[in-house]
Amino acid sequence: MAIKSTVFKAQLQIADMDRALYADHAITLARHPSENDERMMMRLLAFALSVPADDLRGNLEFTAGLSDPDAPDLWQKDLTGQLVQWIEVGQPDDRRLAKACSRSEVVKLWAFASAVPIWWQALEGKVVRLPNLEVWQVPADQSKELATLAQRTMQLQVTVQEGQIWVGDASRSITVEPKLLKGLHARR
């Protein structure tokens, strides 16, 4: 018998001063049996940092992720079904990123873990030509600390100001300072 996903619920309050975005979201997350709290919380952080201010071009949604090798962790599709955002968490290979870039307007990657510098050194030259790819690194100690906030029912506040991110619940707050490894060069 297969192990089932564990369901987590999050009330997420976002105050992103860098994007002038202030919103509340009720989110249900399914944590795949092979996924740990750190990766799940990175998906939640990616949502908070990528959610659009309005739904004119569709909503940002969690996908089947690890259960479906052809799906990203999150995506935003417009009303015609076209991919607006494709969001990955982890360390995918260059072929996966190139395929995603050919299918979506913007591809965002949130890499974490101590092996990111080695992975990025091998990957950077292969993805430099992808103009609609944005790559961020969250330091391993910060992503591990973020995992300590994981609970089956969460009430989290995410505050963003001048590139610095605070994620907290009623008892503690964690600072996350992602590093931009590759910015967008897409025509807009």
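Tabulated data for the structure shown
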quantity	calculated
Residue that is farthest from residue 35 (Cα to Cα), among those in region 147-168 that are free of Cβ contacts under 8 Å to residues at least 24 places away in the same chain and open to solvent by 30 Å² or more (accessible area, probe 1.4 Å)	164
Residue in region 83-90 that is in a loop (DSSP other than H, G, I, E, B) and surrounded by fewer than 20 Cβ atoms within 10 Å (Cβ to Cβ) present	yes
Region 91-111 - residue that is among the aliphatic types (A, V, I, L, M) and part of a helix (DSSP H, G or I) and, of those, surrounded by the fewest Cβ atoms within 10 Å (Cβ to Cβ)	98
Residue satisfying condition, being surrounded by fewer than 16 Cβ atoms within 10 Å (Cβ to Cβ) and under 14 Å from the mean Cα position of the chain (by Cα), within set 46, 71, 53	71
Residue in region 114-130 that is most open to solvent (accessible area, probe 1.4 Å), counting only those that are out of contact with any Leu (no Cβ under 7 Å at 6 or more places or on another chain) and outside any helix (DSSP H, G or I)	129
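The values are calculated or read from the model by the stated rules, or taken from the named source; none is laboratory data. Bear in mind the structure is a predicted one, so any value in this text is a computation, not a measurement. Every residue, glycine among them, receives a Cβ derived from its backbone with ideal geometry; neighbour counts consider all protein chains shown. Keep in mind that these areas ignore ligands, DNA and RNA; they rest on the heavy atoms of the full protein, side chains included. Shrake-Rupley method; radii C 1.70, N 1.55, O 1.52, S 1.80 Å.
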